[in-house]
Amino acid sequence: MITDEGEYRIARFRDRLARGDVAELGVRVEMRGTSVLLTGTLPSAGRRDEILRIAATELGGIPLHSDLLIACADPPDRPEELS
């Protein structure tokens with residue numbers, strides 16, 4: 001089970017994601033038994049790496065699982081075919 005200190009660190013991590021230069025509201029942070037699960041869709045691999053770096057700093061010592069996806073914003077490579 002995650003301790004009170006762990007819950008405080010998770011709350012601080014959520015707050016850090018929502019504020020400042022990160023301002024990332026697309027990431028869910030969930031407690032799962034003795035670990036933390038990050039889920040959501042991010043605009044780039046660089047943003048995902050930044051979130052994971054911050055998570056490692058803020059949540060060091062708490063097992064962390066990530067299911068963060070990267071949104072594909074590339075234009076289509078061919079026209080859409082309607083039938």
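Across segment 36-41, in residue order, what do the Karplus-derived ³J(HN,Hα) couplings come to in whole Hz, using 6.51 cos²θ - 1.76 cosθ + 1.60 with θ = phi - 60° and x for Gly and Pro?
Those phi angles translate into 10, 10, 9, 10, x, 10 Hz.
Measuring with a 1.4 Å probe in the full set of protein chains, what accessible area per residue, in whole Å², belongs to the chain?
Averaged over the residues of the chain, the accessible area is 70 Å².
Can you give me the relative contact order of the chain as a percent, contacts being Cα pairs under 8 Å and 6 or more apart?
30 percent
Determine the gain in length on full extension of the stretch residue 57-residue 78; use 0.36 nm per residue of separation and subtract their C-alpha separation, reporting nm with one decimal. If you can, show how the numbers build up before the last one.
Numbers: separation 21, 0.36 × 21 = 7.56 nm, distance 4.26 nm.
Here the answer is 3.3 nm.
With charges only on Cβ, +1 for K and R and -1 for D and E, what is the dipole size of segment 14-56 about its Cα centre, in debye, rounded to 20?
100 debye
Helix 4-18 versus the longest principal axis of the chain: what angle, 0 to 90°, nearest 10, using Cα atoms?
The angle comes out near 30 degrees.
Tell me, what ³J(HN,Hα) does each residue in segment 53-58 have, in order and in whole Hz, if you take phi through Karplus 6.51 cos²θ - 1.76 cosθ + 1.60 with θ = phi - 60° and put x for Gly and Pro?
For segment 53-58, the Karplus-derived couplings read 5, 5, 4, 4, 5, 6 Hz, x marking Gly and Pro.
Using only DSSP helix segments of four residues or longer, with each worth -39500 (n - 2.57), what per-residue ellipticity at 222 nm results for the chain after dividing by its residue count and rounding to 500?
The per-residue figure over the chain is -11500 deg cm²/dmol.
With a ≥ b ≥ c the root eigenvalues of the C-alpha gyration tensor of the chain, is it rounded (a/c under 1.5), prolate (a/b larger than b/c) or oblate?
Judged from the Cα gyration tensor, the chain comes out prolate (a/c at least 1.5, a/b above b/c).
In the chain, carbon and sulfur make up what percent of the accessible area (probe 1.4 Å)?
51 percent
Highest GNM mean-square fluctuation, the chain, Cα pairs closer than 10 Å: which of 61, 26, 40?
61
The values are calculated or read from the model by the stated rules, or taken from the named source; none is laboratory data. Treat the numbers as computed from the prediction; the structure is a model and nothing was measured. As a convention, Cβ positions derive from the backbone with ideal geometry for all residues, glycine included, and neighbour counts pool all protein chains shown. Heavy atoms of the whole protein, side chains included, go into the accessibility calculation; ligands, DNA and RNA do not. Shrake-Rupley method; radii C 1.70, N 1.55, O 1.52, S 1.80 Å.
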